[in-house]
1. Would you mind putting 153-163, 100-110 in packing order, based on average other-beta-carbon counts within 10 Å, highest first?
2. Can you list the lysines whose alpha carbon is less than 19 Å from that of residue 493, not counting same-chain residues fewer than 8 positions off?
3. Among 512-521, 388-397, 357-366, how do they line up from the highest to the lowest mean number of other beta-carbon atoms within 10 Å?
4. Which of the lysines could be linked to residue 461 by a straight reach, that is with a Cα gap under 18 Å, when you skip same-chain ones fewer than 8 residues away?
5. Which of the chymotrypsin sites (Phe, Trp or Tyr not before Pro) found in segment 107-145 are in a DSSP loop and have at most 13 neighbouring Cβ atoms, other than their own, within 10 Å?
6. Report for the chain the percent antiparallel among DSSP-assigned beta bridges with both residues inside it, nearest 5.
7. Can you tally the lysine pairs in segment 2-130 where the Cα-Cα distance is under 30 Å and the two residues are eight or more apart, or on different chains?
8. Treating only the Cβ of Lys, Arg, Asp and Glu as charged (+1, +1, -1, -1), what charge dipole size does the chain show about its Cα centre? Round to the nearest 20 debye.
Amino acid sequence: MVIKHDVIIVGAGLAGLRAALEASRYYDVAVLSKLFPTRSHSGAAQGGIAASIGNVEEDHIDWHFFDTVKGSDYLGDQDAIEYLVTDAHPAIYELEHLGVPFSRTADGKINQRMFGGHTKNYGEGPVLRACFAADRTGHMILHTLYEQCVKNNVRFYSEFFVTDLMVKDNIVRGLVAYNMINGQMVTMQSKVVMFGTGGYGRAFKITSNAHANTGDGLGIVLRAGLALEDLEFVQFHPTGVYRYGILVSEGARGEGAYLLNNTGERFMKNYAPKLMELAPRDMTSRSIQTEIDEGRGINGESYVHLDLRHLGEEKIAERLPEIRSFCQKIVGIDVVKEPIPIQPTAHYSMGGIPVTVDGEVLADGKSQKVEGFYAAGECSCVSVHGANRLGTNSLLEAVVFGRRAGKSLTKYLSTAGTELPDLPTEMVEPALQRVEKFMTKTGKEKTGILRKELQEIMMSKVGVFRDEKGLKEALEKVKELEKRFEDVQIDDKSWKFNTDLTEAMELDNLLHLAEIIVSGALNRQESRGAQSRKDFPKRDDENWLKHTIAFKKDGKVLFDYKPVVITKFQPKERKY
Ligand SMILES: Cc1cc2nc3c(=O)[nH]c(=O)nc-3n(C[C@H](O)[C@H](O)[C@H](O)COP(=O)(O)OP(=O)(O)OC[C@H]3O[C@@H](n4cnc5c(N)ncnc54)[C@H](O)[C@@H]3O)c2cc1C
């Protein structure tokens with residue numbers, strides 16, 4: 001049986017739901033998610049969502065524009081950034097009107113807090129720009145959007161794992177998914193498919209990301225022969241709980257928390273004297289890693305301290321209650337009395353599926369659109385974050401560009417009509433067989449072991465600092481793992497809710513992405529934003545002020561490039 005809808009959206013995070021809400025005003029919309037929608041990673045976002053609405057102090061769209069460009073280490077596309085910071089205003093008020101319970105100022109306006117790299121007057125000092133709902137901002141927005149989608153009769157297919165996309169003659173035609181609940185494979189046909197499939201932090205050992213963040217959308221796109229953009233730029237968040245990687249939101253530093261080394265020194269004064277703990281993430285993570293590498297970690301170990309004690313119990317209870325609660329439960333630390341041991345943690349993917357500012361996917365990463373195929377949120381690369389994302393700009397991106405994609409796919413259907421394109425059986429069959437093969441194949445390898453080896457090599461050689469030797473080692477290892485993956489056997493032979501099967505398919509996606517990340521990092525011989533090469537420590541605008549486009553053809557990674565869109569702010573040296 002083939003299931004048909006006007007619009008099929010894969011992913012029920014902020015990007016997918018915001019687009020679904022928009023399109024469901026006019027069309028029959030289905031949302032597929034491998035998780036129950038409100039379990040999407042967007043719900044883990046603590047700190048806030050940026051908008052220069054200036055409720056607490058003076059702020060301007062142009063300041064936000066400048067900060068985002070500078071934060072991106074000048075790799076962000078400025079036409080897209082201008083949409084991000086301008087649309088932020090209506091996007092936030094829409095969320096407010098839809099029912100998001102934002103934290104309030106004494107006079108009832110949406111409250112705002114500080115976040116790294118967000119400044120007043122073009123870099124003068126931190127500004128209060130992040131709208132928030134205590135430290136559960138993503139959770140509140142996700143639940144509100146989900147309720148609104150239910151109200152609009154969006155059809156949810158929860159616990160449906162999408163395995164392949166059908167694109168023929170550059171026209172999207174539908175997809176194949178595994179219904180985890182009853183164990184059946186399903187084929188879906190649609191004129192429009194949108195991906196909002198999120199990030200791939202699980203390629204790394206220490207990560208803030210949920211187990212489901214395995215970059216499936218990107219893996220599927222690669223297999224469909226389409227391009228990916230700027231995958232070498234992986235953000236390490238400065239403050240992951242030591243050994244666990246669980247995120248302590250930058251909201252903590254926004255509220256005034258300190259970073260301390262083994263002598264109790266606020267070491268950020270040596271790296272970013274003006275912004276201190278509120279420097280952008282790439283810089284703060286490098287500073288922490290340098291302290292650790294040079295022996296100034298606490299007790300000589302691989303961590304430093306994040307100290308909230310001086311904020312006082314009352315402020316912590318009001319503004320950072322979740323952080324206090326999970327530190328108590330997971331590490332047995334009461335942040336009111338003790339500092340938190342932290343280390344950088346793999347957090348966010350700046351790169352992704354190349355799209356236009358209207359969310360249209362670009363087959364070649366440059367100009368050739370795939371008709372009917374859209375993407376938004378963390379899986380996409382409209383390049384508002386360039387080489388480094390500022391905190392709170394990601395929820396904003398998901399909402400703003402989810403909304404834009406929803407509007408543009410609605411417009412497309414209104415002119416092209418909803419008549420379905422042919423579903424090519426010669427493409428559906430191999431996609432179904434691929435999953436069947438996973439189930440029947442015998443071999444001596446296990447998914448869990450290969451995944452662990454992948455995460456370890458990515459963490460140790462493709463982390464905060466990189467160099468040619470380490471990257472080459474990592475590339476060799478990833479290729480070895482890809483080879484060994486051919487020998488993976490799935491022991492669970494039942495079709496219903498087979499996590500052995502889904503984990504194998506997730507690892508397949510992660511391995512191919514990892515190859516692109518490592519190859520891209522090796523290829524880019526400069527340091528820019530989150531890509532920090534010890535052997536090429538300087539930014540090189542002459543040769544590398546350009547986006548990387550990567551494909552996989554006949555087992556080989558191929559590169560192409562496209563220029564950065566610069567409209568207003570010319571690249572300058574980046575000091576904070
Ligand atoms: C701990 C944490 C805290 C954060 N805090 C902030 C913050 O305070 N502010 C901020 O701006 N950003 C923050 N971020 C980043 C931000 O939350 C994410 O970038 C953003 O929410 C991503 O939204 P999304 O809609 O693109 O994807 P997600 O919310 O990750 O959703 C992905 C969806 O895709 C579905 N999916 C994936 N693969 C498949 C498949 N194969 N088949 C079917 N469905 C699939 C999933 O089920 C899910 O519904 C944080 C991130 C983390 C990890």
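Every read-out reported here was derived from the displayed coordinates using simple, explicitly stated rules and does not represent laboratory data. The shown structure was predicted, so the numbers you read here are calculated from the model rather than taken from an experiment. Cβ sites come from the backbone with ideal geometry, for glycine too, and all protein chains shown count toward neighbours.
1. Highest mean packing first, the order is 153-163, 100-110.
2. Partners found: 437, 441, 444, 446.
3. Highest to lowest by the protection proxy: 388-397, 512-521, 357-366.
4. Once the sequence-local lysines are set aside, what remains near residue 461 is 205, 452, 469, 472, 477, 479, 534.
5. On the way: sites: 115, 122, 132; in loops: 122, 132.
Answer by residue number: 122.
6. Details: 50 of 75 bridges.
Around 65 percent of the beta bridges assigned by DSSP in the chain are antiparallel ones.
7. Here the count comes out as 4.
8. Numbers: 73 positive and 79 negative charges, 72 e Å.
It comes to approximately 340 debye.
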